[in-house]
1. Relative contact order of chain B, please, whole-number percent, based on alpha carbon pairs below 8 angstrom and at least 6 residues apart.
2. For the modelled label position 7 Å from the Cα of residue B:15 along Cα-to-Cβ, which residues of the range B:59-96 have backbone nitrogen atoms closer than 17 Å?
3. Run the simple label-point estimate for residue A:83 and residue A:8 please: 7 Å along Cα→C-beta, distance reported in nm.
4. Listing A:2, B:56 from the residue with the fewest other Cβ atoms within 10 Å to the one with the most, what is the order?
5. Using every pair of alpha-carbon atoms in chain B, split the distances into 10 Å bins beginning at 0 and state the percent of pairs per bin, rounded to integers.
6. So what is the relative contact order for chain A, in percent, with contacts set as C-alpha pairs under 8 Å and at least six apart?
7. If I take R0 = 30 Å and measure r between the Cβ atoms of residue B:26 and residue A:18 in this structure, what FRET efficiency does the formula 1/(1 + (r/R0)^6) give, to the nearest 0.05?
8. Taking the simple approach of a point 7 Å from Cα along Cα-to-Cβ for both residue A:111 and residue B:110, what is their distance in nm?
């Protein structure tokens, strides 16, 4: 079945540092890929998405490129802020469009 | 719009008790789903619905029942709670199966 693997956290960075959170996936066909963010005590919010190979999703300074050749969708941000502290989830939507499969989540802590 | 609302926010049950987790959305979304979130495992799909009167099983449906009598509401029932059902439960909705999913704030359930 489909699966998503992302780097384990927590990831601790200083403010203005560069962020990379790795995500790789296993799926049949051509899934859509997503990054969700969960702030403390809240539900998940869609951060960005990409629906086909070589697409780049971007939002709030975060970027991720759909790499079919390496089955990856790594999340990057050039300069993190304290307010980016949260848990980040990589996910894929299967071909049928009826099931989201999530990675285990990566907790990011940004220190001033 | 209130978005996706869930009640209760917290619940403690004893093994064998039953309860219903409520979920409602006011965005006229056809697609609704229930997930459980466990540490290190991301979110896993329990049940989903593509419209009133239509439900289907997700990845981990055992021990849970759902029904969808209206577009707005999608309750999740635990008929006989077990400690393995201790988790955080999220309800989500979207305009369609492939649309952006909007998540509720979650219900933290503990089964003793």
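Each reported figure results from applying straightforward, stated rules to the coordinates on display, with no laboratory input. Bear in mind the structure is a predicted one, so any value in this text is a computation, not a measurement. Cβ: placed from backbone, ideal geometry, glycine included. Neighbour counts: every protein chain shown.
1. Details: 298 pairs, mean separation 40.3, N = 112.
The normalised contact order for chain B reaches 36 percent.
2. Counting only backbone N, you get B:63, B:79-87.
3. About 3.3 nm, to one decimal.
4. Numbers: A:2 18, B:56 14.
Going from sparsest to densest Cβ surroundings: B:56, A:2.
5. So the P(r) values, bin by bin, are 16, 51, 29, 4.
6. Numbers: 301 pairs, mean separation 41.8, N = 112.
Here the relative contact order equals 37 percent.
7. Details: r = 40 Å, r/R0 = 1.33.
So the FRET efficiency works out to roughly 0.15.
8. Here the answer is 3.1 nm between the modelled labels.
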